[in-house]
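Sending over a structure as structure tokens; questions will come in a sec.
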Amino acid sequence: MTIEKLIINKIINKGSIDVGEFIQLCQFENDGYYLNNNPIGRKNDFITSPEISQMFGEVFAIFLINYWEKKIKTNFNLVELGPGTGALLNDLLRISSNNQKFLNAINLTLIEKNKYLMQLQKSNVNFENTNWSEEFNLQNNNIPSIIYSNEFFDCFPVRQFYKKGKWCEKIIKYNNSEKNFTFSSKKVEDNKILKNLEKFDHVKVAEISESRTKYFNLICKFIKKNKGVFVTIDYGYKNLPNHLSLQSVYNHKKTHIFENIGNQDITAHVNFDELIDLANAHNLQIDLFCTQKDFLITCGIKERKNNLQKNKNEETIKKLNLDYKRLVNKSQMGEIFKVLVVSCF
Ligand SMILES: C[S@@+](CC[C@H](N)C(=O)[O-])C[C@H]1O[C@@H](n2cnc3c(N)ncnc32)[C@H](O)[C@@H]1O
């Protein structure tokens, strides 16, 4: 059964579904978008920072190696959540070859739900004894962990709410005679959700992801218990925006979420304020929260670019300048992407 048919059947059965359920079905059910395709790359639907340029992964690697030198220095679990094509990991491993102690201390696990990407990682990543898992179910092996992700938490389904006098939830119905999906709304009655929505009262819109909260909590608990650090980079905000952020992309162009069902990327910006609150609730330390621009510049991306440009032809120099701007400029990825580092040692 196609995903579209599956969703239509669900709606016919229940009368409507919420936006979160719609996204969950499109992305993670049966043949869902995030289970069997490669969405990443210039020829596919979107491109991520590590795919834009090696500079991103290289300075990220320097940050992680320095962190390990300062706080760990022993064997550790290196865990990437949603490694995509493996580009970021390959940059990290290449830079690590300059620090054999770090490289030899790695116990590598990749968490990936997408079977196609998992196969791609198996052929792209050349590291002995790599473990793969679809879920974050790491066993405690009495060593600390460095866990990291880039553009991972924006993939989690969100439910959408808005306030017009009372809080309402956006829901999705199916018009059988016109054969199309439509948005509708229903008043929020659930007291737990209403309580959760109080902090959004002043902006009057909210996107809430229960599965993202659950996943982040799992990582916080793991780090609290077994020691380590979690570095996450994603589209997102700290001050609540007064607009909804859900977007869909197909072949590098913005679309409507009702188009290309099960065949396009659907993402929502990450609420970093919530992630920081959760980390605080687990008594983790917030080591860093900043924009991607500040992170990359502090880690030396400009110096790396200048180095890579030495003795290169005009075309390569121009490309490095363009990639650098894309990663760092405020109007491109520099400001909308944030970096959060939480730890327990
Ligand atoms: C937007 S891509 C980013 C890929 C890579 N990190 C990069 O920056 O190029 C999201 C990645 O997370 C994976 N993913 C999404 N949701 C997941 C989940 N709940 N569990 C495991 N992997 C997931 C996707 O299959 C993909 O590898």
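Readers should treat all values here as calculations from the given coordinates under stated rules, not as data from a laboratory. A quick note: this is a predicted structure, and the numbers were derived from the prediction, not measured. Note that each Cβ is placed from the backbone with ideal geometry, even for glycine, and that neighbours are counted across all protein chains shown.
Please sort through the DSSP H helices of the chain and keep those with an alpha-carbon extent of at least 15 Å along the long axis and a Kyte-Doolittle average not below -0.5.
3-14, 54-71
Students often check this: by mean Cβ neighbours within 10 Å, which of 4-17, 50-63, 227-240 ranks highest, and how do the rest follow?
Per-residue Cβ counts within 10 Å, averaged per peptide and sorted highest first, yield 50-63, 227-240, 4-17.
If R0 is 35 Å, what FRET efficiency do you get for residue 166 and residue 13 from their C-beta distance, rounded to 0.05?
0.80
Hey, another quick one. Under the 0.36 nm per residue contour assumption, what length would be gained going from the current alpha-carbon distance of residue 184 and residue 319 to full extension?
44.0 nm
Scan around residue 145 for amide H atoms under 5 Å from its own, H built in the peptide plane at 1.01 Å from N, and keep only partners 5 or more places away or cross-chain.
77, 228, 229
Still on this structure, please answer the following. Which of rounded, prolate, oblate describes the chain, given a ≥ b ≥ c as roots of the alpha-carbon gyration tensor eigenvalues and a/c under 1.5 marking rounded, otherwise prolate only if a/b is larger than b/c?
Here the chain falls in the prolate category.
List the relative contact order of the chain as a percent without decimals, with contacts defined as Cα pairs under 8 Å and 6+ residues apart.
20 percent
Hey, another quick one. How large is ³J(HN,Hα), in whole Hz, for each residue of the stretch 181-196 in order, when computed from phi with the Karplus curve 6.51 cos²θ - 1.76 cosθ + 1.60 and θ = phi - 60°, using x for Gly and Pro?
7, 9, 7, 9, 8, 9, 5, 7, 10, 5, 5, 5, 5, 4, 4, 4
So how much slack lies between residue 122 and residue 238, counting 0.36 nm per residue of separation and subtracting their Cα-Cα distance, in nm?
Full extension from residue 122 to residue 238 adds 38.2 nm.
Hey, can you rank 143-150, 259-266, 27-34 by average C-beta count inside 10 Å, highest first?
Ranked from most to least packed, the peptides come out as 143-150, 259-266, 27-34.
To the nearest 0.05, how large is the calculated FRET efficiency for residue 194 and residue 131 if R₀ is 41 Å and r is the Cβ-Cβ distance?
0.45
Residues of the stretch 70-97 with backbone nitrogen within less than 12 Å of a virtual label 7 Å along the Cα-to-Cβ line of residue 44, please, listed as ranges.
83-87
If you don't mind, another one. Starting with the highest mean, order 106-117, 243-254 by the number of other Cβ atoms within 10 Å, averaged over the residues of each peptide.
Top to bottom by mean Cβ count within 10 Å: 106-117, 243-254.
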